[in-house]
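This report refers to the structure that appears directly beneath it.
The values are calculated or read from the model by the stated rules, or taken from the named source; none is laboratory data. Just so it is clear, the structure is predicted and the values come from calculations on it, not from any experiment. Because the Cβ atoms are built from the backbone with ideal geometry, glycine has one as well, and the counts that use them run over all protein chains shown. For the accessible areas, the whole protein counts, side chains as well, though only heavy atoms, and no ligand, DNA or RNA atoms are used. Shrake-Rupley method; radii C 1.70, N 1.55, O 1.52, S 1.80 Å.
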Amino acid sequence: QVQLGESGGGLVQAGGSLRLSCVASGRTFSTYVVGWFRQAPGTEREFVAAISGSGATTHYADSVKGRFAISRDNAANTVYLQMNSLKPEDTAVYYCAARYGALTLRAYDYPAWGQGTQVTVSS
């Protein structure tokens, strides 16, 4: 099973930008759908964005559409989440997750998860 590790989180002021990276192990990374999810204290894990194995198909939560962009470099086994115009409500632990199969928005469809990276947006 693919193993994942996130990086790139940190503290940023509202209106700023961050780029998260998700690096995966394994030689068949291009066959995996990768999703980004986030979880703030006291809330359920929520979908942020997802990208198909080839990168041709992406999907975003309405709350981040137009501000965040997901992309991937299969040669580097890496998926990125570019986050612009950050808001305090974007504060959460961000996780990347992978699954073999169709692109879905449900966290429970993804069997492989990273450890998460904290994003804090100050007002």
query: Sequence-distant or interchain residues sharing an amide H contact under 5 Å with GLY10, placed H: which?
result: VAL119, THR120
query: Given a 1.4 Å probe, how much area per residue of the chain is accessible, in Å²?
result: 49
statement: With 0.36 nm assigned to each residue of separation and the Cα-Cα distance removed, ARG27 to ASP73 gains 15.2 nm
query: Given the Cα-Cα distance of THR58 and GLN13 and 0.36 nm per residue of separation, how much length would full extension add, in nm?
result: 13.5 nm
For LEU86, distant residues with modelled amide H under 5 Å away: GLY15, GLY16
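Within 10 Å of each candidate Cβ there may be at most 16 other Cβ atoms; applying that plus a DSSP loop requirement, which GluC sites (Glu not before Pro) in segment 25-123 survive?
Numbers: sites: GLU44, GLU46, GLU89; in loops: GLU44.
Of the GluC sites (Glu not before Pro), the ones in loops of segment 25-123 whose Cβ has at most 16 other Cβ atoms within 10 Å are GLU44.
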Distance in nm between pseudo-label sites at SER123 and GLU89 (7 Å out along the Cβ direction from Cα): 1.2
message: Considering only C-alpha atoms, what is the centroid distance from segment 78-93 to segment 105-123, in Å?
response: 10
- prompt: Ignoring any ligand, DNA or RNA, what whole percent of the accessible area of the chain comes from carbon and sulfur when the probe is 1.4 angstrom?
  reply: 48
